[in-house]
Amino acid sequence: MKKASVTHEAFESPAPIAPSVLVGIDWADKEHAFAIRTPDGKLHIGSFKHSPAAIREWIEAWNNRYPNLAIEICIEASRGSLINALREFPYVKIYPVNPKSLANYRGAFAHGGGKNDPDDARLILKFIEQNRGGNLRDTTYFLGGWLRTGLEIFMLG
C-alpha cells in the first residue's frame, strides 16, 4: 500500500503593522468630525473647522503628541481642499473610501436612523482599523500633473 504524499506550501505571514495614529474623518463643508484611536487604545472624538489654519493646527497637535508615528487617515472623499491640505504633511497617509462602500458598511452596523457625523467618524475609524494592512491601501500619488487619489478595495460589493 502506497503512502499518501503530503505537500507543504509555504505561506507568507503578513508583515507586522507598525503602530500609528488611526483617524476616521467625516468630511463636511464647515466642520469635520473625527474619531482617533491612539496606539495606547484610547478613543478621541471631536471636530475641527474647515480652514487651512484649523487643519494645520489640528494635524500638528496630533503629530506633536505622537512625533515618531504615522497618522493614517481614512476619509469618505478622494479630493477636495481637506485632502489637499492633509497631503502637505509627510507623516500623513490618506485612505479615501468610496461613499458607496461606506454606505454598505454603515448598513451592516446601523439599522435605521440617519447619518450622524460623530457616529460616521467612528464608523470610518472602525473601517480603517479592520481593513488596514489588508485591502485598504494608501493610494495618493501624482499622475501627469493631476492629483489622483483612489482606493483599491474589493469588498462590500
**Asked** Counting other C-beta atoms within 10 Å, which of Arg65, Arg106 has the fewest, and how do the rest follow?
**Response** Arg65, Arg106
**Request:** Starting from the Cα of Ala61, step 7 Å along the direction of its Cβ; do the same at Ala18; then give the gap between the two resulting points in nm.
**Result:** 2.5
**Message:** Order these by the 10 Å Cβ neighbour count, fewest first: His32, His44.
**Reply:** His44, His32
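FYI, it's all coordinate maths here, none of it is from the lab. Note that the coordinates shown come from a computational prediction; the quantities given were computed from them, not determined experimentally. For neighbour counting, all protein chains shown are included, and Cβ atoms are generated from backbone atoms with ideal geometry for every residue, glycine included.
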